[in-house]
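> First, the structure itself, so that you have it in front of you.
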Amino acid sequence: MTTLVQLYIEALGTHDTAALDGLYAEDVVLYTPFGWGVRGRDQVKFFIGAVHAPHPGLRVTLHDEFASGDGARMSFRFTIHWHNTGSFGGHEPTGEKGTASEIHTVRVVDGRIAEQWAGHNSLGLTLLQLRAWGMEPPAETMDPAPVIVAAGGRPAARPGSAASHHVEPA
């Protein structure tokens with residue numbers, strides 16, 4: 001049986017916009033290092049097209065996938081094989097090529113991707129975007145979901161509380 005993740009990888013690799021229409025919810029939100037909070041199926045498809053345009057022949061290979069028991073959350077690891085032979089944003093092609101390893105997590109509603117988070121494990125393509133194309137990653141990347149648990153750091157002490165007074169070690 002072909003999974004939703006496998007269908008996504010096929011559509012991503014071939015830039016099959018009709019298949020992406022069937023995989024993404026109309027109000028999907030995508031979070032990536034260069035597209036924080038891309039909203040709506042058409043904008044996500046535009047973003048994917050912007051990845052393909054400078055890399056004709058882009059190829060994607062799936063290496064791992066997991067799903068929650070109810071199928072509402074999925075995570076998968078894949079590699080993008082890219083070769084920059086097309087222009088991007090007025091920049092001439094660099095001829096650089098390489099691979100980019102990514103892990104994505106998705107939230108699924110009614111069988112479609114409603115939210116997608118992209119995490120980059122290697123920086124080859126990201127460095128091309130930063131160096132050659134001068135792209136700026138978003139400055140603020142606050143997660144819109146509620147915090148489940150937090151650890152580390154030091155909470156700010158209230159003025160006048162015992163925690164706000166400096167104590168020297170004995």
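The values are calculated or read from the model by the stated rules, or taken from the named source; none is laboratory data. Quick caveat: nothing in here was measured; it's all calculated off a predicted structure. Glycine also receives a Cβ, built like all others from the backbone with ideal geometry; neighbour counts cover every protein chain displayed.
> Report, by residue number, each residue of the range 52-102 that is of a type in the set (S, T, N, Q) and either in a strand (DSSP E or B) or free of Cβ contacts under 8 Å to residues at least 24 places away in the same chain (or both).
If the condition is that a residue be of a type in the set (S, T, N, Q) and either in a strand (DSSP E or B) or free of Cβ contacts under 8 Å to residues at least 24 places away in the same chain (or both), then T61, S68, S75, T79, T99, S101 are the ones that fit.
> Here's something else I'd like to know. Identify all residues within the range 47-88 that are under 19 Å from T32 (Cβ atoms), modelled with pLDDT of 95 or more and among the aromatic types (F, W, Y); write none if there are none.
F76
> A53 versus (1) under 19 Å from T99 (Cα atoms); (2) in contact with an Asp or Glu (Cβ under 9 Å, 6 or more places away or on another chain): which is the lone unmet condition?
Single failed check for A53: (2).
> Shifting gears a bit: With the condition kept exactly as written, say whether any residue in the range 106-115 is surrounded by fewer than 15 Cβ atoms within 10 Å (Cβ to Cβ) and at pLDDT below 90.
No: zero hits.
> Give just the number: which of (1) in contact with a Ser or Thr (Cβ under 6 Å, 6 or more places away or on another chain); (2) closer than 22 Å to P144 by Cβ; (3) of a type in the set (G, A, S) does A25 not satisfy?
Single failed check for A25: (1).
> Given the conditions (1) within 25 Å of P144 (Cα to Cα); (2) in contact with a Leu (Cβ under 9 Å, 6 or more places away or on another chain), report the number of the one that D110 does not fulfil.
(2)
> Out of (1) closer than 19 Å to T3 by Cβ; (2) among the hydrophobic types (A, V, I, L, M, F, W, C); (3) touching a residue at least 24 places away in the same chain (Cβ under 8 Å); (4) in a strand (DSSP E or B), the odd one out for W36 is which?
(1) is the only condition that W36 fails.
To keep it simple, each residue is scored yes or no on (1) within 18 Å of the chain's Cα centre (by Cα); (2) within 17 Å of L30 (Cβ to Cβ).
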residue: G49; (1), (2): yes, yes
residue: H52; (1), (2): yes, yes
residue: H63; (1), (2): yes, no
residue: D70; (1), (2): no, no
residue: R77; (1), (2): yes, no
residue: I80; (1), (2): yes, yes
residue: H83; (1), (2): no, no
residue: F88; (1), (2): no, no
residue: P93; (1), (2): no, no
